[in-house]
Structures are given as structure tokens and as C-alpha cells.
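A.B. asks: One structure, pasted below without further comment.
A short reminder: the numbers here are calculations on the coordinates, not readings from a lab. Note that the structure is a prediction, hence the values are computed from the model and not measured. Ideal geometry is used to build each Cβ from the backbone, glycine not excepted, and the neighbour counts take in all protein chains shown.
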């Protein structure tokens, strides 16, 4: 069973998850670009019940391309973005890979919203690439 631990930049918020990842990937959508202040967001998704968070967090809600809410948690002290939940994927929480104590466990083999990717982004050889959100199984 995989174990993920991490926290914000200032240490006021910590989290732990003990679960195999549901998926991990890189999102190039314009919302992630604006929210991270970068070209993309790298996430590891786990079942929500497997994640525990200590410390006070803030919350920001916006609409995803599905029209449903995306809920982002962040540290109100240092503003580190920690997790995101797309309500269209009930029961799943996405951990921002850069907040992991060991971010080296992240493997960005799947890239979504590539139609919005910055033109200078180089995709790894063999990476799965989708122009938008791939169809969900089930």
C-alpha cells in the first residue's frame, strides 16, 4: 500500500494518505495554469477517506469544464495549494505533487487538457496525452 505524506510551505498544514493512487497526472487546463501560476498542475489522486489533514485550511471553489464545482484547499498562512476535489469525481481527492515530502514518487505519465498546454511544454516520450479530460471509466 502506498503512503503519501506532505504539507504546506510553512508547515502549518500536514497531510497523510495511505492508499494506492487512483491515478496521477499532469493537467494543462487554463484553470490549473492560473491557480498554480505555472504551466500545469501535477497531482496524485487518492480515495478521499484515505486522506487525513491536520491544521487549518482555506477553501476556494470554482467551476470546472463540466460545470460542476472544483474545491481547492490551501494553507491560509503561506497560501500553498494542497488538494483539489472535482465534484464530478465523488470520493476522490487530488494531492498537489509539489507538496509531497518526497515529490520524487510522482510519475507524470498521463497529461490532460493538452489542447491548452503552453507551446514550449515538452511531453515525455510514451506519455498518454488527451486534448481535454479523457472519458471516465464506469
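A.B. asks: Treat each spin label as a single point 7 Å out from the Cα along the C-beta direction, and report the residue 38 to residue 12 distance in nm.
C.D. replies: 2.2 nm
A.B. asks: If R₀ is 25 angstrom, what is the calculated FRET efficiency for the pair residue 122 and residue 90, using the beta carbon separation as r and rounding to 0.05?
C.D. replies: It comes to 0.15.
A.B. asks: Same structure, new question: Could you tell me whether the stretch 3-122 comes out rounded, prolate or oblate from its Cα gyration tensor? Rule is a ≥ b ≥ c as square roots of the eigenvalues, rounded for a/c under 1.5, then prolate if a/b exceeds b/c, otherwise oblate.
C.D. replies: On the way: a/c = 1.38, a/b = 1.32, b/c = 1.05.
Rounded.
A.B. asks: How high is the relative contact order of the stretch 3-122? Use alpha-carbon pairs under 8 Å, at least six apart in sequence, and give a whole percent. Walk me through the numbers before you get to the answer.
C.D. replies: Numbers: 256 pairs, mean separation 38.0, N = 120.
Relative CO of the stretch 3-122 lands at 32 percent.
A.B. asks: Report, in whole Å, the centroid distance computed from the Cα atoms of the stretch 5-57 and the stretch 62-138.
C.D. replies: After rounding, the separation between the Cα centres reads 8 Å.
A.B. asks: Between residue 109 and residue 59, with labels modelled 7 Å along Cα→Cβ, what's the label distance in nm to one decimal, could you check?
C.D. replies: In this crude label model, residue 109 to residue 59 measures out at 3.4 nm.
A.B. asks: Now a separate question. Over the Cα atoms of the stretch 52-102, what is the Rg over Rh ratio if Rh follows Kirkwood?
C.D. replies: So for the stretch 52-102, dividing Rg by the Kirkwood Rh gives 0.98.
A.B. asks: Using 0.36 nm per residue, how much length does the chain from residue 23 to residue 78 gain when fully extended, once their Cα-Cα distance is taken away? Let's see the in-between values first.
C.D. replies: Values: separation 55, 0.36 × 55 = 19.80 nm, distance 2.74 nm.
17.1 nm is the gain from fully extending residue 23 to residue 78.
A.B. asks: Give the peptides 54-62, 30-38, 89-97 in descending order of average Cβ contacts within 10 Å, highest first. Could you put the intermediate results ahead of the total?
C.D. replies: Working: 54-62: 12.7, 30-38: 14.7, 89-97: 19.2.
So the peptides 54-62, 30-38, 89-97, ranked by packing, come out 89-97, 30-38, 54-62.
A.B. asks: Across every pair of different alpha-carbon atoms, what Kirkwood hydrodynamic radius in Å does the stretch 18-80 reach? Could the numbers behind the result be given before it?
C.D. replies: On the way: mean 1/r = 0.0752 Å⁻¹.
Across the stretch 18-80, the inverse of the average 1/r is 13.3 Å.
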